[in-house]
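Here the structure comes first, spelled out in structure tokens, and everything after it is commentary.
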Amino acid sequence: MSEPRIKHYLINEKYEDPGIVIEIPSLNEYLLFDVGNIYKLDRDLIRRINKIFITHTHMDHFIGFDFMLRNKLGRPQIVEIFGIDPLSHNVYSKLQGYTWNLVEFEPELIFRVKSLKEDLYEYYEFNIKRKFAKDFIKEEKAEDNVIYENEHYRIKYAVLDHKIKVMGYSFEYKDKLYLKKEKVQELPLKGKEIGEFKNWLSDETNKGKTYKIGDKEYDYDYLRQEYTYIQKGIKISYITDVLYSPKNRKKIIELVKDSDYLYCEAVFLERDKDQAEKVYHLTTTQTAEIANSANVKNLIVFHFSRRYGKNKDIVLDEIRKYFPNVS
């Protein structure tokens, strides 16, 4: 089956501020990864964005927070923000840069921050009705590298080295089980019985068990094969602002392995690898090597150094020598 209907794209030109958007209209979910210069984004889209994943708060990844905030005002909404310490302090500092003396007339806008600090997640809430005070909610142990998950998708992360700790992310839309409608119509099932049938088949712990339809018992594997099909999910990864070190390389490959689309920085040409190491960024060949080692299907590169001007082809041509399927 085809990929689920998910739209994903870079926010800016390859030599401008990093960041990607993932749109899932069927779920009313709009995800933003990094919030640098976002002036090119449609204002209505900015108002719809409900989850933001921040790699780190260097200016080119966070300066757009104010523009986003301005577009969020005037409508009730909860925006969830994820990242790594000191994200909650950075969000609080942004919000406290303004005076909130007429907020009793404003629709309720809430920012909820989930930030990784060592091996703990810290949760804070910032409510316009409380003049965006920094309200501590809770902390919990980070048991794995899944920072967000619902029934449709999950977001995994890796903590990487950019001379500060930064996050790399992978968005994984889960495989979906669907019933073959024509086949199911042949069964003596009606109404909610069909939903119960689908739910039972969706639960792989039922493997080896049987399901009674009418007077007959049917094996789980048989029913799965005859009456269902799987729509494969999609994996989209986002890596930027990292040193090419053995430790980073291993973590990135593990995180982005088998990605359908890898958005990854390629800041410098290979001839400038000394500069890349000095400022903790990747070169073209390093990015290509990661994509090859991780069995990535499609590579989208960005964050090109300004020293190359607007000449995107010089960077893309060098990567294509090592990884042809790049854009």
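Among the numbered conditions (1) touching an Asp or Glu at 6+ places or on another chain (Cβ under 8 Å); (2) open to solvent by 30 Å² or more (accessible area, probe 1.4 Å); (3) of a type in the set (Val, Ile, Thr), the only one that VAL279 does not meet is (1). Among the residues making up the stretch 308-322, those that are at pLDDT 95 or above and of a type in the set (Lys, Arg) are ARG320, LYS321. Taking the stretch 114-129 as the range and being open to solvent by less than 90 Å² (accessible area, probe 1.4 Å) and in a loop (DSSP other than H, G, I, E, B) as the test, only ASP119 passes. Looking at MET1, MET68, just one residue is open to solvent by 80 Å² or more (accessible area, probe 1.4 Å) and either modelled with pLDDT of 95 or more or not polar (S, T, N, Q) (or both), and that residue is MET1. Restricting attention to the stretch 231-262 and to residues that are open to solvent by 10 Å² or more (accessible area, probe 1.4 Å) and part of a strand (DSSP E or B), the residue that is farthest from ASN298 (Cα to Cα) turns out to be GLN231. For the residues ILE78, ILE54, the requirement of being of a type in the set (A, V, I, L, M, F, W, C) and in contact with a His (Cβ under 7 Å, 6 or more places away or on another chain) singles out ILE54.
A single member of PHE111, PHE132 is more than 29 Å from GLU254 (Cα to Cα), open to solvent by less than 40 Å² (accessible area, probe 1.4 Å), assigned to a strand (DSSP E or B) and touching a Leu at 6+ places or on another chain (Cβ under 9 Å), and it is PHE111. I'm trying to understand the selection: among the residues of the stretch 6-58, which are touching a helix residue (DSSP H, G or I) at 6+ places or on another chain (Cβ under 6 Å) and surrounded by fewer than 17 Cβ atoms within 10 Å (Cβ to Cβ)? Across the stretch 6-58, the qualifying residues are ARG43, ARG47. Sub-8 Å Cβ pairs linking a first residue in the stretch 207-224 that is on the phi < 0 side of the Ramachandran plot to a second residue that is of a type in the set (Asp, Glu), at least 6 apart or interchain, are LYS207/ASP221; THR210/GLU217; THR210/ASP219; TYR211/GLU217, ordered by first then second residue.
Within the stretch 306-327, the residues that satisfy the criterion of being part of a helix (DSSP H, G or I), open to solvent by 90 Å² or more (accessible area, probe 1.4 Å) and either in contact (Cβ under 8 Å) with a residue 60 or more places away in the chain or under 13 Å from THR287 (Cβ atoms) (or both) are ARG306, ARG320.
Could you identify the single residue in TYR308, TYR280 that is among the hydroxyl-bearing types (Ser, Thr, Tyr) and under 21 Å from LYS250 (Cβ atoms)? Just a single option satisfies the conditions, and that option is TYR280. Of the set (1) open to solvent by 30 Å² or more (accessible area, probe 1.4 Å); (2) under 23 Å from ARG48 (Cβ atoms); (3) of a type outside the set (Gly, Ala, Ser), all apply to PRO86 but (2).
On the basis of being outside any loop (DSSP other than H, G, I, E, B) and either in contact (Cβ under 8 Å) with a residue 40 or more places away in the chain or not charged (D, E, K, R) (or both), does TYR39 make the cut? Answer is no for this residue. Among all residues of the stretch 288-299, there is none that is over 25 Å from HIS8 (Cβ atoms), open to solvent by 10 Å² or more (accessible area, probe 1.4 Å), of a type in the set (S, T, N, Q) and at pLDDT 95 or above.
The values are calculated or read from the model by the stated rules, or taken from the named source; none is laboratory data. What you see is a predicted model, and the numbers here were worked out from it, not measured in a lab. Note that each Cβ is placed from the backbone with ideal geometry, even for glycine, and that neighbours are counted across all protein chains shown. Surface accessibility is based on the protein's heavy atoms, side chains included, excluding ligands, DNA and RNA. Shrake-Rupley method; radii C 1.70, N 1.55, O 1.52, S 1.80 Å.
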